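The values are calculated or read from the model by the stated rules, or taken from the named source; none is laboratory data. Note that the coordinates shown come from a computational prediction; the quantities given were computed from them, not determined experimentally. Reconstructed Cβ throughout: ideal geometry from the backbone, glycine too, with neighbour counts over all protein chains shown. The accessibility values were calculated without ligands, DNA or RNA, using every heavy atom of the protein model including side chains. Shrake-Rupley method; radii C 1.70, N 1.55, O 1.52, S 1.80 Å.
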Amino acid sequence: MAYAVVMGETGCVTFRFYEELNDLLPENRRKRDFAVPLAGRRSVKDAIESLNVPHTEVDLILINGVPVGFDTLLAPGDRVSVYPLFETLDIAGVQRLRERPLRDPKFVCDVHLGKLAGKLRLLGLDTLYRNDYTDVELVTIQERERRAILACDRNLLKSNRVTRGCLVRSRVVPAQVCEVVRRFDLAGDLRPFTRCAACNGILADVDAAMARPRIPAQTAAWCDRYRQCVSCGTLYWEGTHFARIQAWVDGLRGG
């Protein structure tokens, strides 16, 4: 079992990071011992984030085998085990660091994740996005609306005000979608074609006669079912891409 050693003048603290948390460490520090200075009194949260692991990625901390909170102060000789989020696993009876998995999943994306936001909306997931959100706005929205922040910025997720978030590792959109669905255990929550990919509004059925003047004649000749965003008015129908999207959704559901 590989541990990381955090040493200071008064002694050392031994860390072990589990599973995908190792992905957030430099390669030369993954699954092996490494030492960094421990200066004076320090909380376990501060020590973990000094290693560039945002607290939003952590669901369980054990110090000497006992579950603890982020504000617990480290002492020389402590052995610390740090575990990632267990959205899909049952660890009932253990003191986890946040509420249970999102059962009303809602998200807000940082400025780098516009394409991901569109894909999540396509899956029916309530996802806010603007390309000019500031970090302060993102945190405020998270607090006010109980949304999880999806971000590429580790420093944003280190904020003490952020209680629910996810560091999106991949830079490839399909892989980003898989990350979010897996991380928040959303396979059973997908409701494709119920939200507007453009603005996040709800889609509602609209009469074909009202829709036809707004669509190509060749589409109107065969399509008789349309949905419209109640917020921005964007019109949707099951075109040639529908079967491909449905197959993608089935794959995310594990079908």
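When you scan region 25-37, do you find a residue that is part of a helix (DSSP H, G or I) and modelled with pLDDT of 85 or more, even just one?
yes
Tally the residues that are over 19 Å from the mean Cα position of the chain (by Cα) and under 26 Å from S170 (Cβ atoms), restricting the search to region 20-44.
8
Quick one: would you say R214 is in contact with a strand residue (DSSP E or B) (Cβ under 8 Å, 6 or more places away or on another chain), farther than 22 Å from L116 by Cα and among the basic types (K, R)?
Here the answer is yes, as R214 does meet what is asked.
Kindly provide the set of residues from region 118-154 that are of a type in the set (S, T, N, Q) and open to solvent by 40 Å² or more (accessible area, probe 1.4 Å), ordered by number.
Listed by number, the residues that qualify are N131, T134, T140.
Can you tell me how many residues within region 105-131 are in contact (Cβ under 8 Å) with a residue 24 or more places away in the chain and in a loop (DSSP other than H, G, I, E, B)?
Result for region 105-131: 8.
For the condition outside any helix (DSSP H, G or I), in contact (Cβ under 8 Å) with a residue 24 or more places away in the chain and closer than 30 Å to D71 by Cβ, what is the one hit in I149, I141?
I149
Select from region 106-117 the residues that are open to solvent by 20 Å² or more (accessible area, probe 1.4 Å) and not charged (D, E, K, R) and list them in ascending order.
Residues satisfying the conditions are V111, H112, G114.
Among the residues that make up region 77-85, is at least one of them within 20 Å of L21 (Cα to Cα), out of contact with any Phe, Trp or Tyr (no Cβ under 7 Å at 6 or more places or on another chain), open to solvent by 40 Å² or more (accessible area, probe 1.4 Å) and at pLDDT below 95?
The answer is yes; a qualifying residue exists.
Within region 42-49, is there a residue that is within 18 Å of C12 (Cβ to Cβ), in contact with a Ser or Thr (Cβ under 9 Å, 6 or more places away or on another chain) and not in a strand (DSSP E or B)?
Checking region 42-49: at least one residue is within 18 Å of C12 (Cβ to Cβ), in contact with a Ser or Thr (Cβ under 9 Å, 6 or more places away or on another chain) and not in a strand (DSSP E or B).
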